[in-house]
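The structure appears below as structure tokens.
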Amino acid sequence: MSESRAAIGVDIGGTKVKGGIVSSKGALHSRVEHDTDVHAGTKSIIATVHELLERSGELGVAIGCIGVGAAGFIDSRSGTVIFAANLVYDDPKVAEALKARFGLPVVVDNDANAATWGEKIFGTAQGAANLALLTIGTGIGSGFIVNGELLRGATGAGAEMGHTIVDPSGPLCGCGLKGCFEQLAAGRAIARLAREGVTENPESAIMGFASSVEDISARDVARAAAGFDETACRVLRRAGQALGVGMSNVVNIFDPEVIVLGGGIIKVGEPYLGPARDQLVKMTMSQRRRPVRVDVTSLGAESGIIGAAALAFDQAA
Ligand code: BGC
């Protein structure tokens, strides 16, 4: 690894904070992961950077810059959190806090924007000038590259597809509104639909994996679906179809060359992704559009870390 060109990349979401030392070629050389302190997001980031700087010292690697991809509406020009639906940042001025603490150049952007940039520079979307990324986990993050540039909007905090309203009388979202896309197609939607499903059908194999109805997770549903449990398959089909509708909206707004899917929920695989693709094809074909390429991230769970470092290389180094 080129000593002077290594960066620290950090990816903070509602569940995990992950970070790594990344070379200028996008190789991840050291990785850490902790549960997010949902009441102290900035402290979680600082602790992760601190740990990685110590590691870089042990490895003899010089760190040139720090990149952070943070869940929430981020003004990337100042590196400040404007609003976050799923966690609290104890200090919203994240970039300032990191610069003061570590004295290195810092870039702070939205987590999905970082992952999108990572896919363009090092991942499956290399060479694409127009691409969209949806990262599906606790919530849904999105990033759009239009004519080679990340779309940021007037305040630097645009591209929040997860909070577009799909059903105004739908389930309550962490953002305070009802029926956001992320409440219908991501992890929480799967858990909610499964709770409703097992109430109607207590025989469902889902209950063989969950300790109680309240504790059902998307993972439990995925396990039950792997054994062809009808309720589990129906739940994943509904959430997948909602994702497909979202992707068709992306196609109509941005006409991307490729939509990249990432985030923990895509590990559920075909019972979820199949209906999503079918729905997308159905909607785009009926408008006589060509089917759009849909790729799964090639950077995997590390796309946020690598993408945050890529942004730092490009903007802070
Ligand atoms: C947040 C986004 C974030 C996404 C994934 C959403 O709830 O509003 O900013 O990108 O979750 O973490």
Do we find a residue being in contact with a Leu (Cβ under 7 Å, 6 or more places away or on another chain), of a type in the set (A, V, I, L, M), surrounded by 19 or more Cβ atoms within 10 Å (Cβ to Cβ) and part of a helix (DSSP H, G or I) anywhere in the range 103-113? yes
Six or more apart or on different chains, Cβ under 8 Å: which pairs go from a residue in the range 67-86 that's farther than 13 Å from Ile12 by Cα to one that's buried (at least 20 other Cβ atoms within 10 Å of the Cβ) and of a type in the set (Phe, Trp, Tyr)? Could you list them? Ile82/Phe73; Phe83/Phe73
Quick check, is Gly246 in contact with a Phe, Trp or Tyr (Cβ under 7 Å, 6 or more places away or on another chain), crowded, with 21+ Cβ neighbours inside 10 Å, at pLDDT 95 or above and not hydrophobic (A, V, I, L, M, F, W, C)? yes
Note: among Ser56, Ser24, just one is more than 16 Å from the ligand (Cβ to nearest atom), of a type in the set (Gly, Ala, Ser) and either in the same structural domain as Cys173 (by TED's automatic domain parsing) or in contact (Cβ under 8 Å) with a residue 60 or more places away in the chain (or both), namely Ser24
Confirm whether Gly174 is modelled with pLDDT under 95 and either in a loop (DSSP other than H, G, I, E, B) or open to solvent by 10 Å² or more (accessible area, probe 1.4 Å) (or both). yes
Name the single residue, out of those in the range 141-150 being under 30 Å from Arg188 (Cα atoms) and open to solvent by 10 Å² or more (accessible area, probe 1.4 Å), that is farthest from the ligand (Cβ to nearest atom). Val146
Output for the range 16-46, where each listed residue is open to solvent by 60 Å² or more (accessible area, probe 1.4 Å) and not in a loop (DSSP other than H, G, I, E, B): Lys16, His29, Arg31, Glu33, His34, Asp35, Lys43
Of Ala232, Ala189, Ala224, Ala185, the only residue that is in contact with a Phe, Trp or Tyr (Cβ under 8 Å, 6 or more places away or on another chain), assigned by TED's automatic domain parsing to the domain that holds Gly139 and open to solvent by less than 20 Å² (accessible area, probe 1.4 Å) is Ala224
Please work out if Ala129 is in a loop (DSSP other than H, G, I, E, B), more than 13 Å from the ligand (Cβ to nearest atom) and more than 17 Å from Val250 (Cα to Cα). no
Considering each of Val94, Val88 in turn, give the residue that is open to solvent by less than 40 Å² (accessible area, probe 1.4 Å) and within 16 Å of the ligand (Cβ to nearest atom). Val94
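The values are calculated or read from the model by the stated rules, or taken from the named source; none is laboratory data. Every value quoted in this text rests on a predicted model; they were computed, and no experiment measured them. Backbone-built Cβ (ideal geometry, glycine too); neighbour counts: all protein chains shown. For the accessible areas, the whole protein counts, side chains as well, though only heavy atoms, and no ligand, DNA or RNA atoms are used. Shrake-Rupley method; radii C 1.70, N 1.55, O 1.52, S 1.80 Å.
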